[in-house]
Amino acid sequence: MAKSKYRRVLLKLSGEALMGDAAFGISTAVLDCVAKEIKELIALDVQVALVIGAGNIFRGVSGASSGMDRAAADNMGMLATMINALALHDALERHGVPARVLSAIPMLTVCESFSRQKAIHHLRKGRAVIFGAGTGNPYFTTDTAAMLRALEINADLVCKATRVDGVYDKDPLKHRDAVKFDTLSYDEVLRRHLKVMDAAAISLAMDNDTAILVIDMNTPGNMKKAVCGEAIGTLIRG
């Protein structure tokens, strides 16, 4: 029987990954696949927390680049993450996985407000915890929010699930000669300007020695392999 290497993990999902083959929006098929993967982790007694981006709905940075005020655009982006968080919550509950959404921006008629104590309580009860609304502040990405929440809950691993099978020296979807890294140090990620997570998130991970594993979320079973310590994706640590 498979055994987890990690007690508590935080999964960072991109909003774009929820689109499936569509140009925007949320694919219920993708949500169901993610929910099934998380159910397998819960069955291994892994405590699972999640942060989801909003690129399938709205990006604060792109809004700002189109002439919007950056703070206003980022606030819209944080609210967009809540749509994804609530959608994933619904998918998890439909698959028999108890879950809670905790929002950094208070919206009590929709979900609980974030607090570290609440998050850890729910995790210990075997519930998946979805952190919504980023950090609650503009100018911070969901990558930074994911790392911040991981540190607050003392996660053993941050697993970034993407549409490719690891970190490459350039975009493998555009360059056939792209080279994949099996392991990287935090310094290498920053020095090479690799598009793993933003610099603030990597710096937080480096300062607190938090491992990051980048995997392909479209391959069934990858999340389970990741928490069981199998050599997949790209592992980033000191």
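Mean-square fluctuations from a GNM of the chain, with a 10 angstrom spring cutoff on Cα atoms, peak among MET107, MET197, MET147 at MET107. Between GLU16 and ASN208, the simple label model (points 7 Å from Cα in the Cβ direction) yields a spacing of 2.6 nm. Taking the chain as a Gaussian network, Cα atoms linked when under 10 Å apart, which of SER66, SER185, SER115 shows the biggest mean-square fluctuation? Highest fluctuation among the options: SER66. Charges were assigned to the Cβ only: +1 to each Lys and Arg, -1 to each Asp and Glu. The resulting dipole of the chain about its Cα centre is roughly 480 debye. For the stretch 101-207, build the charge dipole from Cβ charges (+1 Lys, Arg; -1 Asp, Glu) around the Cα centre, then report which of ILE120, GLY166, LEU190 sits farthest towards its positive end. The residue sitting farthest along the positive end of the dipole is ILE120. 3J(HN,Hα) couplings calculated from phi for the stretch 172-179 with the Karplus curve 6.51 cos²θ - 1.76 cosθ + 1.60 (θ = phi - 60°) are, in sequence order, x, 7, 10, 10, 5, 8, 5, 10 Hz; Gly and Pro show x. Around the amide H of LEU50, modelled in the peptide plane, lie the amide H atoms of LEU11, VAL129, ILE130, PHE131, all under 5 Å away and 5 or more residues distant in sequence or on another chain.
One Cα centroid belongs to the stretch 193-217, the other to the stretch 77-96; the line between them spans 24 Å.
Residues whose amide H falls under 5 Å from that of GLY55, counting only those 5 or more places apart or on a different chain, are GLY15, GLU16, with hydrogens built in the peptide plane. Spin-label model, LEU190/MET107: points 7 Å from Cα along the beta carbon direction are separated by 3.4 nm. The HN-Hα couplings worked out from phi for the stretch 12-19 by the Karplus form 6.51 cos²θ - 1.76 cosθ + 1.60 (θ = phi - 60°) are 9, 10, 7, x, 4, 5, 6, 6 Hz, whole numbers, x standing for Gly and Pro. Separation of the stretch 5-44 from the stretch 126-159 is 15 Å, based on Cα centroids. Each helix, a run of at least 4 DSSP H residues, gives -39500 (n - 2.57); summed and divided by the residues of the chain, these come to -11500 deg cm²/dmol at 222 nm. In the stretch 22-121, taking the dipole from charged Cβ atoms about the Cα centre, the farthest positive-side position among ASN75, ALA91, VAL34 is held by ASN75. GNM remark for the chain: springs join alpha carbons under 10 Å apart, and the peak mean-square fluctuation among LEU88, LEU108, LEU151 falls on LEU108.
Give the peptides 130-141, 152-163 in descending order of average Cβ contacts within 10 Å, highest first. The partial results should precede the final answer.
Numbers: 130-141: 22.3, 152-163: 20.8.
Result, highest mean Cβ count within 10 Å first: 130-141, 152-163.
Per-residue Karplus couplings for the stretch 136-153, computed as 6.51 cos²θ - 1.76 cosθ + 1.60 with θ equal to phi - 60°, are listed in order as x, 10, x, 6, 10, 7, 6, 4, 5, 4, 4, 5, 4, 5, 4, 5, 5, 9 Hz, Gly and Pro entered as x.
Which links in LYS3/LYS36; LYS36/LYS174; LYS3/LYS160; LYS3/LYS174; LYS39/LYS170 stretch past 28 Å when you go from one Cα to the other? Intermediate values should be presented prior to the final figure.
Details: LYS3/LYS36 18 Å; LYS36/LYS174 30 Å; LYS3/LYS160 20 Å; LYS3/LYS174 37 Å; LYS39/LYS170 33 Å.
Those over the limit are LYS36/LYS174; LYS3/LYS174; LYS39/LYS170.
On full extension, the segment bounded by ASP69 and ALA200 gains 45.0 nm, given 0.36 nm per residue less the C-alpha separation. Of the peptides 45-51, 229-235, 212-218, the order by per-residue mean of other Cβ atoms within 10 Å, starting with the highest, comes out as 45-51, 212-218, 229-235.
Any read-out appearing in this document is the output of simple, stated calculations on the displayed coordinates, not a laboratory observation. Note that this is a predicted model, so its numbers are computed, not measured. In this analysis, Cβ positions are derived from the backbone assuming ideal geometry, glycine residues included, and neighbour counts consider all displayed protein chains.
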